[in-house]
Amino acid sequence: MNGNALVAERPTTGAGSGASTPVTDGLAVLGRHLQRIKAAPGVLILTQTMPIMMLLFFGYVFGSALAVPGQEYRSFLVPGLLAATAANGIMTGMFQSAQDCHRGVMDRFRTLPMSRSAVPFGQTSADLLTTAVGMIPLVLAGLAVGWRIEGGPAAATGAFGLLMLFRFATSWVGCWLGLLIRNEEAAGQLGAATFVLPLLSSAYIPTSNLPGWLRVLAEWNPISAVASAVRDLVGNTAPAADSAWPVAHPVAGALLWSAVLLAVAVPLSSRRYARGGE
């Protein structure tokens, strides 16, 4: 089932009946994206298995060479991989938006009497749901290799909530970029380049031994704040006092970064979608 067919199957309760609202329109688009994932499960399987492969590769190949003071490396790595997975919303959001633009699906949506924020909202919400489910295998794999949640159920729930909030924010950023690029191939190539972002953070390695300028760059990377917040909440490690503010206060830093990204990306995405190819 292709994208145009799914657009054609949109429920008609909102169109022409006076019942259309941003929420109902967004839910219709969300359902379309979930059907899209169901029709192509290989993409979902790949995005779920890649972090597990990285856990095994980094944890066992590099784990013996990387020392984390007072902590086993795999326990340090799992929260970082969870944060990196949340940051991948940029890549998936960008590719999905650019693909729909490239194939004319966005133009079909714009002919319908829908809220201009409904389409990006539906896409990012569908991505959020699939990510929430997709993180379960990574958490189970982390527990299998020795990672433990020491902070209790409430703290673990808070850590998961932070991850989902950050994923939602990065997905909106990716949606905006995809609407700007409007080319499926270009978005795929640029999306692959986002793999560098977690490498320039504390997701995989501690920042304490980095050179001064690189440490500053890494600690102001939003992924570092999210990774540090997860480690702090689940009781793996406390943030270093001499770190940059977002890492020294990781929960506040992660919330602030997510709020800033949403405040910037949501209006830009909605405005860009409304403008189309202009």
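Within the range 140-165, how many residues turn out to be in contact (Cβ under 8 Å) with a residue 60 or more places away in the chain and part of a helix (DSSP H, G or I)?
Counting residues in the range 140-165 that are in contact (Cβ under 8 Å) with a residue 60 or more places away in the chain and part of a helix (DSSP H, G or I) gives 10.
This table checks each residue for (1) in contact with a strand residue (DSSP E or B) (Cβ under 8 Å, 6 or more places away or on another chain); (2) polar (S, T, N, Q); (3) more than 19 Å from residue 221 (Cβ to Cβ); (4) at pLDDT below 90.
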{"position": "231", "(1), (2), (3), (4)": "no, no, no, no"}
{"position": "235", "(1), (2), (3), (4)": "no, no, yes, yes"}
{"position": "243", "(1), (2), (3), (4)": "no, yes, no, yes"}
{"position": "248", "(1), (2), (3), (4)": "no, no, no, no"}
{"position": "254", "(1), (2), (3), (4)": "no, no, no, no"}
{"position": "269", "(1), (2), (3), (4)": "no, yes, yes, no"}
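Consider residue 247 carefully, then state whether it is over 30 Å from residue 115 (Cβ atoms), of a type in the set (Val, Ile, Thr) and part of a helix (DSSP H, G or I).
Judged against the criteria, residue 247 is a match.
Just the residues that are farther than 16 Å from residue 81 by Cβ and polar (S, T, N, Q), please, taken from the range 203-251.
Residues satisfying the conditions are 207, 208, 209, 243.
Output the residues belonging to the range 115-139 that are at pLDDT below 90 and either within 23 Å of residue 235 (Cβ to Cβ) or assigned to a loop (DSSP other than H, G, I, E, B) (or both).
Of everything in the range 115-139, those that are at pLDDT below 90 and either within 23 Å of residue 235 (Cβ to Cβ) or assigned to a loop (DSSP other than H, G, I, E, B) (or both) turn out to be 115, 116, 117.
Considering only residues that are within 21 Å of residue 26 (Cβ to Cβ), small (Gly, Ala, Ser) and within 22 Å of the chain's Cα centre (by Cα), which ones fall in the range 87-128?
Selection gives 89, 93, 97, 98, 117, 118, 122, 125, 126.
Is it the case that the range 244-254 has a residue that's buried (at least 16 other Cβ atoms within 10 Å of the Cβ) and on the phi > 0 side of the Ramachandran plot?
Scanning the range 244-254, I find no residue that is buried (at least 16 other Cβ atoms within 10 Å of the Cβ) and on the phi > 0 side of the Ramachandran plot, so the answer is no.
Here are 240, 227: which of them is surrounded by 15 or more Cβ atoms within 10 Å (Cβ to Cβ), hydrophobic (A, V, I, L, M, F, W, C) and outside any helix (DSSP H, G or I)?
It is 240.
Looking at (1) in contact with a Gly (Cβ under 6 Å, 6 or more places away or on another chain); (2) more than 22 Å from residue 123 (Cα to Cα); (3) surrounded by 19 or more Cβ atoms within 10 Å (Cβ to Cβ), which is the one condition that is false for residue 198?
For residue 198, the failing item is (1).
The values are calculated or read from the model by the stated rules, or taken from the named source; none is laboratory data. Computed from a prediction, not measured in an experiment: that's the story for all the values here. Neighbour counts run over all protein chains shown; Cβ positions are idealised from the backbone, glycine included.
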